[in-house]
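Structure record follows, encoded as structure tokens.
The values are calculated or read from the model by the stated rules, or taken from the named source; none is laboratory data. Keep in mind the model is a prediction, meaning the values are calculated, not measured. A quick note on method: Cβ atoms are made from the backbone with ideal geometry, for glycine too, and the neighbour counts reach across all protein chains shown. Just so you know, the surface numbers come from the protein's heavy atoms only, side chains and all, with ligands and any DNA or RNA stripped out. Shrake-Rupley method; radii C 1.70, N 1.55, O 1.52, S 1.80 Å.
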Amino acid sequence: KIDLQSPINAYLGPYASERWRKVTVHHLLSHTSGIPSLLQSGQGLDDVFPEEEAIERSALIGYFQDLKLMSKPGKRYRYNNSGYVLLAAIVEQVSGQPYGQFMQEQLFRPYGLNNTSHGAPDDQLARPHYGYAHQQGRPVPIYHESWLIGAGSIYSTVQDLARWNKVIPSEAFLTPELRHAYFSPHEATAGRNAYAYGWEVLQIDGRSYLHHDGTIMGYTCDLLYEPQTELLSIMLTNQTFEDLSLIGKSEQFVRVTNLSLLEVARGASNPGLPLPQTETKALEEGTYHFANGYPLQLAQQAGEWHIQSDSISPLTFAYEVPIALNTELRQRADRAIQSLTQKRFRKFARECDGTMKTLTYLGVIRLGMKSIMKGMGEWQRSV
């Protein structure tokens, strides 16, 4: 019912925008639409934050409906949550069903995803948290799924995601043409790490992977699949940093951890992550400890191995790096702080601001940067 090369306005009904007249469904799926993105730092809508109360679809889309595009459609890849919101709206408009109902009837139930839901389940929910230290960590509200529609509103389990990973390349899911489009990198995203429809196509140390992470307030997840060996690793965590600009650090560490787990499964004895040393390649049930005492429980359930921990995440020691008092780095930091508190540098800060505002208005940004960097020389020498 949908032509992927057609303009999205043909399917959006009341949510269409004149700004999007050249944006196609393909552009949304490949993240090349140029539309400013919700819930992502530095992408035009940093001031929008989800709430516990529901929001009307028109109000949510209204946040970016009339904003200028950040790039010409099809020219630049930029991961985009607003695109997923619009794709969910297209599903609703074309199917005539609420998004959650459509997902339940057309995907979850037919493919046996019995522990997957649109919106938080009533029970057995790992509640989200901010922070990676006992003194900082705090619970995050369960934000209403209408704020995250299509872009973070699905709750699932490792078992269901593993089942889903077997469904999507099968003949039972899509036509051969759509499967090819689903898994193949698209032109505007081509490169070492390219993007298909909802998948990163990664090349790491000569190996090819299909990958995607998923991060929303209080949750960081990662799925990494190697088609050649059919090795699959899925990590679901209920922690993130609170600041949108730092959430990427949560994603990065979980991704590295996931890749290291695949290396262990492949038989590597020295993976990138400092995992516990093992005396045997055979998996054994029990508790394993990192060097700092962090425990992991390994158990087998219905022929599958599961890792669980009830204590603080290993991301704690990954990002808590104190600067010792007697190090050169600490001394340089102290000198920088002292320099910036001197009166002569207060004037320099105002000069930077004024210079860039004036020269940006005149369209000679390069001249402005040259002027500021010349002034920076005195500060650098003092530090």
Q | Condition broken by residue 74, with the remaining ones in (1) within 23 Å of residue 196 (Cα to Cα); (2) open to solvent by less than 20 Å² (accessible area, probe 1.4 Å) satisfied | A | (2)
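Looking only at the stretch 1-56, filter to residues that are in a helix (DSSP H, G or I) and in contact with a Pro (Cβ under 9 Å, 6 or more places away or on another chain); which one of those is surrounded by the fewest Cβ atoms within 10 Å (Cβ to Cβ)?
Pass one, the stretch 1-56, residues in a helix (DSSP H, G or I): 9-15, 18-20, 25-29.
If we keep only those that are in contact with a Pro (Cβ under 9 Å, 6 or more places away or on another chain) as well, we get 20, 25, 27.
Working: 20: 23, 25: 21, 27: 25.
Here the answer is 25.
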Q) When the stretch 141-153 is examined, which residues are found to be at negative phi and surrounded by 19 or more Cβ atoms within 10 Å (Cβ to Cβ)? A) 143, 145, 146, 147, 148, 149, 151, 153
Q. If you go through the stretch 89-99 one residue at a time, do you hit one that is more than 24 Å from residue 4 (Cα to Cα) and without any contact (Cβ under 8 Å) to a residue 24 or more places away in the chain?
A. no
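Are any residues in the stretch 220-229 open to solvent by 30 Å² or more (accessible area, probe 1.4 Å) and either in a strand (DSSP E or B) or farther than 11 Å from residue 262 by Cα (or both), and if so, which ones? Break it down into steps so the answer makes sense when it comes.
In the first step, residues of the stretch 220-229 are kept if they are open to solvent by 30 Å² or more (accessible area, probe 1.4 Å); the result is 221, 225, 227-229.
Those that are open to solvent by 30 Å² or more (accessible area, probe 1.4 Å) and either in a strand (DSSP E or B) or farther than 11 Å from residue 262 by Cα (or both): 221, 225, 227, 228.
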(Q) Which numbered condition in (1) farther than 21 Å from residue 2 by Cβ; (2) of a type in the set (A, V, I, L, M, F, W, C); (3) touching a helix residue (DSSP H, G or I) at 6+ places or on another chain (Cβ under 8 Å); (4) not in a loop (DSSP other than H, G, I, E, B) is the only one that residue 69 fails? (A) (4)
Q. Which residues, counting only those in the stretch 1-19, are without any contact (Cβ under 8 Å) to a residue 40 or more places away in the chain and of a type in the set (A, V, I, L, M, F, W, C)?
A. 10, 16
